[in-house]
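Here is the structure we will look at, set down as structure tokens.
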Amino acid sequence: MTGGPERLDRFMARANAIYYATRDPFADFTTAPEISQAFGEILGAWAAVVWQGMGCPDPVILAEAGPGRGTLMADARRLIGKVAPDFAKALRLHLIETSPSLRKVQQAALASHEVSWHERIESLPDGPLILLANEFLDALPIRQFRREGGGWLEHHVDQGRSAWLEEGSPSGPAALRAVPEGGHIEVCEPAMEVVSWLCARLGDQGGAALLLDYGPGAAGHGDTLQALRDGAPCDPLGPAGEADLTAHVDFPALRDIASGVRVFGPMPQGRFLEALGLFARIERLARSQPPGQGGGLVEAAHRLADPARMGTLFKVMALCHPSLATPPGFEDDNP
Ligand code: SAH
């Protein structure tokens, strides 16, 4: 890339588009649905209960944003077929995925179902909607700003190096935070657009969205951009498309911009999964294994739920039409 410094979000968008289209991301990192089938099954059960709370609309859109290998949706759909046949008949599967190669993998994972793909969430068809998104928002491009002399410098990438230039200034709730001289803030404009769109859509046409991702539960202002390659951290500003670039999801900021819906969470993923019976489900699965072979399943569940592992760093937040009851797993609206 020539032409001088590139704004960080543009670099990240370009790098991730190349990365997801040309590499197998799951060689570099793993995700909750790849760790345990119980993850997708629990989210499938969550969707079925929410659908009943919506008054069992038929048809209903069951959508997933950033479905990776399609594992989460395949596990969710299988569970729904077993325990909620009316929901299985009513639902229409829609996936939001930009990568042509991952679309093929998803098609294979969901081969026995009819699926429609979309480039963007905004092109989902009209109607009541239940949307799931695990580790989708963390892949969306961020802008970074540094407080300097009472103003802002913006992070750019110039031939693999950082350049901090006077350009724009942060927008959204994060911009209102007190940032000390030399401190950073990050803003993910596309994540804010996704949440704003979901709020308008769910408020208007009904339904709920469940967003799961890693990020702090309280407002922060650090540099959280990270790159993974072959399972190990590497330089995020290295050659575009060779590593997976992500950043912590600023759930408090997303919560602040939500309007016209009820917002639940962000709550720790471990508490959410345990409230929905993760360990009961795992024990049942482990009992169906040959003697001595259920241990791996139990270990996988601990990896998802234990506070020192994925249970606390990962958060869950739900956006629901105001008429819906508190969805499964959540205690009540946060203050
Ligand atoms: N949810 C999956 C995969 C997470 S990886 C899991 O839990 O295993 C991120 C996913 O989001 C990939 O499928 C990637 O191709 C997709 N993605 C990344 N940026 C996107 C964008 N701007 N629009 C749509 N999908 C995107």
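The values are calculated or read from the model by the stated rules, or taken from the named source; none is laboratory data. The structure presented is a predicted model; accordingly, all values stated were derived computationally and were not measured. Glycine also receives a Cβ, built like all others from the backbone with ideal geometry; neighbour counts cover every protein chain displayed. All accessible areas refer to the heavy atoms of the entire protein, side chains included, with ligands and DNA or RNA removed. Shrake-Rupley method; radii C 1.70, N 1.55, O 1.52, S 1.80 Å.
At-a-glance table
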item	result
Flag for Phe11 being buried (at least 23 other Cβ atoms within 10 Å of the Cβ), aromatic (Phe, Trp, Tyr) and either in a loop (DSSP other than H, G, I, E, B) or in contact (Cβ under 8 Å) with a residue 60 or more places away in the chain (or both)	no
All positions within region 101-158 that are of a type in the set (Phe, Trp, Tyr), more than 9 Å from the ligand (Cβ to nearest atom) and closer than 22 Å to Leu210 by Cβ	Trp117
The lone exception for His156 - which of (1) in contact with a strand residue (DSSP E or B) (Cβ under 9 Å, 6 or more places away or on another chain); (2) more than 14 Å from Met12 (Cα to Cα) it fails	(2)
Filtered residues of region 93-111 (kept if surrounded by fewer than 18 Cβ atoms within 10 Å (Cβ to Cβ) and not aliphatic (A, V, I, L, M))	Thr98, Pro100, Ser101, Arg103, Lys104, Gln107
Some residue of region 314-334 being in the same structural domain as Ala208 (by TED's automatic domain parsing) and in a helix (DSSP H, G or I)	no
Test: residue in region 190-200 that is open to solvent by 30 Å² or more (accessible area, probe 1.4 Å), in contact with a strand residue (DSSP E or B) (Cβ under 9 Å, 6 or more places away or on another chain) and touching a residue at least 24 places away in the same chain (Cβ under 8 Å)	no
Members of region 252-279 found to be of a type in the set (Phe, Trp, Tyr) and modelled with pLDDT under 95, listed by number	Phe279
Test for Ala13: is it within 12 Å of the ligand (Cβ to nearest atom), within 17 Å of the chain's Cα centre (by Cα) and not assigned by TED's automatic domain parsing to the domain that holds Phe314	yes
Subset of region 216-248 [touching a residue at least 24 places away in the same chain (Cβ under 8 Å) and either in a strand (DSSP E or B) or at positive phi (or both)]	Leu228, Arg229, Asp230, Gly231, Gly241, Asp244, Leu245, Thr246
Of residues in region 29-59 being within 11 Å of the ligand (Cβ to nearest atom) and part of a helix (DSSP H, G or I), the one most open to solvent (accessible area, probe 1.4 Å)	Glu34
Cβ-Cβ under 6 Å pairs, at least 6 apart or on other chains, region 131-142 side closer than 15 Å to Phe314 by Cβ and in contact (Cβ under 8 Å) with a residue 12 or more places away in the chain, far side of a type in the set (S, T, N, Q) and outside any loop (DSSP other than H, G, I, E, B)	Asp138/Thr246; Ala139/Asn16; Ala139/Thr246
Residue check, Gly206 more than 23 Å from Ile18 (Cα to Cα) and out of contact with any strand residue (DSSP E or B) (no Cβ under 7 Å at 6 or more places or on another chain)	yes
Complete set of residues in region 75-98 that are in contact with a strand residue (DSSP E or B) (Cβ under 8 Å, 6 or more places away or on another chain), closer than 23 Å to Tyr20 by Cβ and either within 11 Å of the ligand (Cβ to nearest atom) or not in a helix (DSSP H, G or I) (or both)	Leu93, His94, Leu95, Ile96, Glu97
Residue that is in a helix (DSSP H, G or I), open to solvent by less than 60 Å² (accessible area, probe 1.4 Å) and touching a residue at least 60 places away in the same chain (Cβ under 8 Å), where the choices are Leu72, Leu62	Leu72
Qualifying residue in region 112-121 (condition: in contact (Cβ under 8 Å) with a residue 60 or more places away in the chain and assigned by TED's automatic domain parsing to the domain that holds Glu64)	yes
Count - residues of region 84-134 that are β-branched (Val, Ile, Thr) and farther than 23 Å from Pro322 by Cα	4
The one condition in (1) open to solvent by 60 Å² or more (accessible area, probe 1.4 Å); (2) away from the ligand (no atom under 16 Å from the Cβ); (3) assigned to a loop (DSSP other than H, G, I, E, B) that Ser171 fails to fulfil	(1)
